[in-house]
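Working notes, beginning with the structure itself.
The values are calculated or read from the model by the stated rules, or taken from the named source; none is laboratory data. Worth saying up front: this structure is predicted, and the values here are computed from it rather than measured. Because the Cβ atoms are built from the backbone with ideal geometry, glycine has one as well, and the counts that use them run over all protein chains shown.
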Amino acid sequence: MNLWLNGMCRTGIFSLIILMSLGLMGTAAASQDYTRADCQKLADSANSRFDARDFRFSADIMEEAVTACESTTLPDDTVLLANLNKLSFTCYVIGEYERGERWALRSLEISDSSFGQNHIQFARSLTMVGLHAWSLERLDEAVKHYTRAIKIFDTQGDPDSEDIAKASHNLALVYWKLEEYDSARTRTRRAQEIWEKVKGPDFAHIGASLNLQGILSSELGEHEEAEVAYSKALDLRERVLGPDHYQVASSLNGLANLYLSLGFFDKAEPLIYRAHDIWMAS
């Protein structure tokens, strides 16, 4: 009951409070006569709540921001697409995949009509559609969307862009689910190379790539390579994110599972306990 009331407060009462604090109740919200300033205020608030990990509230506010952006006299499609993609991703974070897919498809429609199907904006929208196809277990469809997006990024933009790194890593996750481990490893290694080149060797996302490489090497029976990848991921995450971060626990768990599969129980045990303690404290 308390959880239900809490959800009602966060999505209902608090949404009312934020609209009042932004000066939109009784004016723009009532008449639907939004300005670009209204759109920006709402988007900034949604992003602030996202950064505070209040994801459901963030999604509700960003929906209002999207409505504001679409209702202005001269909408800025670049800003609108950024808000749509952020909203779609936030829906993914809270597990509302069908809701997120609807907004991703809206983003794709707008990017197509405004920029065309060979534009980077269209490719960014494609990656969001691919994300939700993956989440909804439509894996072949996800491969198609990510592959097409990466091709556009490669031909229309910087081949070392972060857009390509993110799409390549996410495509690797899809291939992992499809048990196409070599293809997955090729894709996530490309992501790692780009991140190291553009962001430096201590960029946090590299830890995700290394951790996935540990999983893939383990699946392929390449135990030494798996241990190296997991250990590198663990070291990077401890240094960059701190020793008590939940991603550190993920790497500890992966390395522990590898040791268990090899019968190295003495090595696995302290890692399991440490991972458990981190997850319990998170």
* Does any residue of segment 105-117 turn out to be touching a Ser or Thr at 6+ places or on another chain (Cβ under 6 Å), without any contact (Cβ under 8 Å) to a residue 24 or more places away in the chain and of a type outside the set (V, I, T)? -> yes
* Asked: Regarding V174, is this residue among the β-branched types (V, I, T), surrounded by fewer than 24 Cβ atoms within 10 Å (Cβ to Cβ) and in contact (Cβ under 8 Å) with a residue 24 or more places away in the chain?
  -> no
* Asked: Considering only segment 126-179, how many residues are more than 22 Å from G95 (Cβ to Cβ) and of a type in the set (F, W, Y)?
  -> 2
* Residue in segment 259-270 that is crowded, with 22+ Cβ neighbours inside 10 Å, free of Cβ contacts under 8 Å to residues at least 60 places away in the same chain and either out of contact with any Cys (no Cβ under 8 Å at 6 or more places or on another chain) or not aromatic (F, W, Y) (or both) present -> no
* To do: Scan segment 206-231 for residues that are over 15 Å from S261 (Cβ atoms) and either surrounded by fewer than 18 Cβ atoms within 10 Å (Cβ to Cβ) or in contact (Cβ under 8 Å) with a residue 60 or more places away in the chain (or both) and jot them down.
  => V228, S231
* Please indicate, with yes or no, whether at least one residue in segment 96-104 is at pLDDT 95 or above, hydrophobic (A, V, I, L, M, F, W, C) and assigned to a helix (DSSP H, G or I). => yes
* Top-ranked residue in segment 105-162 [being of a type in the set (G, A, S) and part of a loop (DSSP other than H, G, I, E, B); ranked as surrounded by the fewest Cβ atoms within 10 Å (Cβ to Cβ)] -> G116
* State which residue is nearest to the chain's Cα centre (by Cα) when the search covers only segment 228-282 and only residues that are among the acidic types (D, E) and not in a loop (DSSP other than H, G, I, E, B). => E238
* Structure fact -> Going through segment 59-95 in order, the residues found to be of a type in the set (S, T, Y), part of a helix (DSSP H, G or I) and surrounded by fewer than 24 Cβ atoms within 10 Å (Cβ to Cβ) are T67, S71, T78, Y92
